[in-house]
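K.L.:
The structure follows.
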Amino acid sequence: MPVKEKIGIVISDKMEKTVVIKVENRYPHPIYNKTVVKTRKYLVHDEYNACNIGDQILIQEYRPLSRRKRWLAMKMLSKSAIIN
């Protein structure tokens, strides 16, 4: 079974070794054909606290690390222009 991967944007980095990202899923509505956007938040393990708010990262499914944290930050695709 292949490993699941998703691309998302960091929306919170206030926790130690954990970031919250949002992943958007866009699809056409079956009847009205308007594009519908569903957003889902994931808790992601960030071992070195390298991610900041606004960064785009690639995440990969991983073993359970806590009650809600089951994803691992693999690599940063783009840095944010926001300076913290």
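Rule-based calculations on the coordinates, nothing more; no lab input. From a predicted model like this one, the values you see are computed outputs, not experimental measurements. Cβ sites come from the backbone with ideal geometry, for glycine too, and all protein chains shown count toward neighbours.
K.L.:
What strands (runs of 3 or more DSSP E) completely inside the chain contain at least 1 residues that are in contact (Cβ under 8 Å) with a residue 60 or more places away in the chain?
P.N.:
Working: elements: 5-15, 18-28, 35-45, 56-61, 69-78.
Output list reads 5-15, 69-78.
K.L.:
From the residues in the stretch 28-59 that are among the hydroxyl-bearing types (Ser, Thr, Tyr), exposed (fewer than 13 other Cβ atoms within 10 Å of the Cβ) and touching a strand residue (DSSP E or B) at 6+ places or on another chain (Cβ under 6 Å), which one is farthest from Lys79 (Cα to Cα)?
P.N.:
Across the stretch 28-59, the extreme among qualifying residues is Thr35.
K.L.:
Pick from the stretch 65-81 the residues that are over 18 Å from Glu16 (Cβ atoms) and not hydrophobic (A, V, I, L, M, F, W, C): which of them is nearest to the chain's Cα centre (by Cα)?
P.N.:
Applying the filter and picking the extreme gives Lys75.
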